[in-house]
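Enquirer: Structure provided below as structure tokens; questions to follow.
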Amino acid sequence: MSGDLRIGSLCSGYGGLDMGVQRVLGGSVAWHSDIDPGAQRILAHHWPDTPNIGDLTAVDWAAVEPIDLLTGGYPCQPFSTAGRRRGTTDDRHIWPYIAHALGVLRPRFALFENVGGHLSLGFDTVLADLARLGWDAEWVCVRASDVGAAHQRRRLFILAWPAADADGDVRAGRDHARAVARPAGQDACAARGFERHGVAARSGGAAAADAHGDGGERARTHVAGRPQPADHGQPATDPEGQRREQGEPEPARQQGGSDSRVGGVPDWGAYSAAVAAWESLTRPAPRPTDDRGRLSPAFVEWLMGLPEHHVTGVPDLSRAAQLHALGNGVVPQQAAHALRLLLDRAAPALPPG
């Protein structure tokens, strides 16, 4: 993949997913799309010359600069086991608009990220929409700890690309014209059987599309499965006090007493080895708490594998906004590892070039 790869980034956050892509494929971000005020500040600070095209639900995608790769970390709250799991009925469910964008832009690849809980809620809708667009997909769950991070943070990564027929010609999809004319429907069919990885939309894309009408049991027979590692992590409480899968890192939650505050030596306790391992791959760990005993954004920034001050050095970004951005972000090293796995698995089916 050449260095002139052009990336379009939806729900960009602090840019972690794109940073992971660039570690593997190089390239540059042509445009961002994020409406969160904190994310907008971070993106403008680090990529001042990259336009933010704003609300993806209102963009005229036919007028947007063409790209080679579309990335997106769409909101996880509809699918997180820590929330109410309203799935496709949640107002924050914006996948239909992303599918619409994908159908209009028609890039060479797409890479999406969400919580692992998405596999059991709403994932059938994603696969069905990709199939209707004529796209194949591979997916995998990777934990941040798989790349040495001091926390688990299990995430689902999905690589998609235009499918080809037996002669190598890219298919447009059976319902391509209808699918790109408006956002795809928000079906709420249960997604049983998707606790596996695999190519989703082979044989004309019918497999995933059948999940809408017949449920996950029928779709499961079409999935080339691979077992997933067990995830023994438990949801934690984030700085805002809500339970969520990507919550406050365990080392920080376990700190206590005066030695965990500014001026003392942190006692990492049972997490000493994990902290030391991540330090060897990144940089020395900042103090986990501030002088008031509160979780330090600089520490979370380190846990997320980011360069120092990537979030905490952005002007006029409050502590709450920093923690919000970090809590919703992607570990770049984790994203890079997932992308390498997916590219390796999908290699035989990927289009040339």
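Enquirer: As an exercise, use a Förster radius of 30 Å and the Cβ-Cβ distance of Ser318 and Asp55 to find the FRET efficiency, rounded to the nearest 0.05.
Expert: Efficiency, from the Cβ-Cβ distance: 0.85.
Enquirer: Rank these for me by crowding, Leu43, Leu281, going from fewest to most other beta carbons within 10 Å.
Expert: Going from least to most buried by this count: Leu281, Leu43.
Read the figures in this text as sums done on the coordinates, not as results from a lab. Just so it is clear, the structure is predicted and the values come from calculations on it, not from any experiment. Neighbour counts run over all protein chains shown; Cβ positions are idealised from the backbone, glycine included.
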